[in-house]
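Accompanying notes for the structure given below.
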Amino acid sequence: GYKASASIQFVPVITSLATPTVTQKNTAKGIQVNWNKIDGAESYVVYRSVLSGSNWSKWSAIKKCVTTTSYVDTTVKLGTKYKYTVRAVNGSVMSGYQNTKDGAAYNVTPTVKVALAANGIKVSWSTAANATGYTVYSSTYNTKTKKWSGWKNRGTVKASKTSWTDKSVK
């Protein structure tokens, strides 16, 4: 004889997804958006709103099919305010979204290093995404009064530069 066998598999149907909790922070490469992992999500869609004057733009999807819980928006401009939200996706089911009230301006303070050079003091720094240039400031220390002078603007260099040498030091 023949032996018949059958098996039944139950595949859970996703009818709703929890809403991700979103945070954002400035990095040298852009604004990093982070969110919590949502059970049942196959991917995520990252949305952005930009402040123009006193009004926020409509939410627009800037990255779809994200399979991690982090995304760096490298298209940001220095000094502009952005806010982000994320929706979890499974097939045709999408989660709700967290409507953040306040955004953050993209501003990054570069990491600065100072070293002696043959012809002065070399100041070097990390770059910031989409910077149009860097302004260099200096302050001098008075050994008699044991006080620092105020910051003096030494000029602006192109965005392609990551160092400047002060040749006027004594």
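The values are calculated or read from the model by the stated rules, or taken from the named source; none is laboratory data. None of the values given here were measured: they were computed from a predicted structure. Every residue, glycine among them, receives a Cβ derived from its backbone with ideal geometry; neighbour counts consider all protein chains shown. Remember, those area values only see protein heavy atoms, side chains included, never the ligands or the DNA or RNA. Shrake-Rupley method; radii C 1.70, N 1.55, O 1.52, S 1.80 Å.
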Open item on the list: Give me, ordered by chain and number, the residues 5 or more places off T80 or on other chains with an amide H under 5 Å from its own placed amide H.
Closed with: Y106
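Beyond 20 Å, what share of the Cα-Cα pairs of region 1-69 is found? Please give it as a whole percent.
52 percent
Percent of alpha carbon pairs in region 119-166 separated by more than 17 Å?
So the portion of pairs separated by more than 17 Å is 44 percent.
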Open item on the list: Explain nothing, just compute: Karplus ³J(HN,Hα) = 6.51 cos²θ - 1.76 cosθ + 1.60, θ = phi - 60°, for every residue of region 21-28 in order, whole Hz, x for Gly and Pro.
Closed with: 9, 10, 10, 9, 8, 6, 9, 5
TODO: Within region 118-170, list the chymotrypsin sites (Phe, Trp or Tyr not before Pro) lying in a DSSP loop whose Cβ has at most 16 other Cβ atoms in a 10 Å radius.
DONE: W151
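Skip the ligands, DNA and RNA, and give the accessible area per residue of the chain with a 1.4 Å probe, whole Å².
On a per-residue basis, the chain sits at 71 Å².
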Open item on the list: Using Cα springs under 10 Å in a Gaussian network model of the chain, which residue among V22, V45, V13 shows the largest mean-square fluctuation?
Closed with: V13
Open item on the list: Can you give me the long-range amide H partners of R154? Hydrogens built in the peptide plane at 1.01 Å from N, cutoff under 5 Å, separation of 5 or more residues or another chain.
Closed with: V136, Y137, S138
Open item on the list: Could you tell me the relative contact order of region 25-88? Use alpha-carbon pairs under 8 Å, at least six residues apart, and round to a whole percent.
Closed with: 46 percent
- [ ] Quick one: check the C-alpha center-to-center distance for region 81-158 versus region 30-49, whole angstrom.
- [x] 25 Å
Open item on the list: Taking 25 °C and 0.890 mPa s as the conditions, I'd like the Stokes-Einstein D for region 1-142 in µm²/s, using the Kirkwood hydrodynamic radius from alpha carbon pairs.
Closed with: 132 µm²/s
- [ ] In whole Hz, with x marking every Gly and Pro, tabulate ³J(HN,Hα) for region 43-51 from phi via Karplus 6.51 cos²θ - 1.76 cosθ + 1.60, θ = phi - 60°.
- [x] 7, 9, 10, 9, 10, 9, 10, 10, 7
Task: GNM top mover of T132, T80, T140 - the chain, alpha-carbon springs below 10 Å - done: T140
TODO: Can you send over the carbon and sulfur percentage of the accessible area for region 63-170, probe radius 1.4 Å, protein chains only?
DONE: 52 percent
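Starting from the eigenvalues of the Cα gyration tensor, five times each then square-rooted, give me the equivalent ellipsoid semi-axes of region 56-127, largest first, whole Å.
Each semi-axis is √(5λ); the values are 39, 15, 9 Å.
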TODO: Give, as ranges by residue number, the residues of region 89-127 whose backbone N falls under 13 Å from the point 7 Å along Cα→Cβ of Y137.
DONE: 109-110
Task: In nm, spacing of pseudo-spin labels at A28 and T111 (7 Å Cα→C-beta vector) - done: 0.5 nm
TODO: Using only alpha carbon pairs under 8 Å that are at least six residues apart, calculate the relative contact order of region 97-170 and give it in whole percent.
DONE: 32 percent
TODO: Take every Cα pair under 8 Å in the chain that's 6+ residues apart, average their separations, divide by the length, and report that relative contact order as a whole percent.
DONE: 20 percent
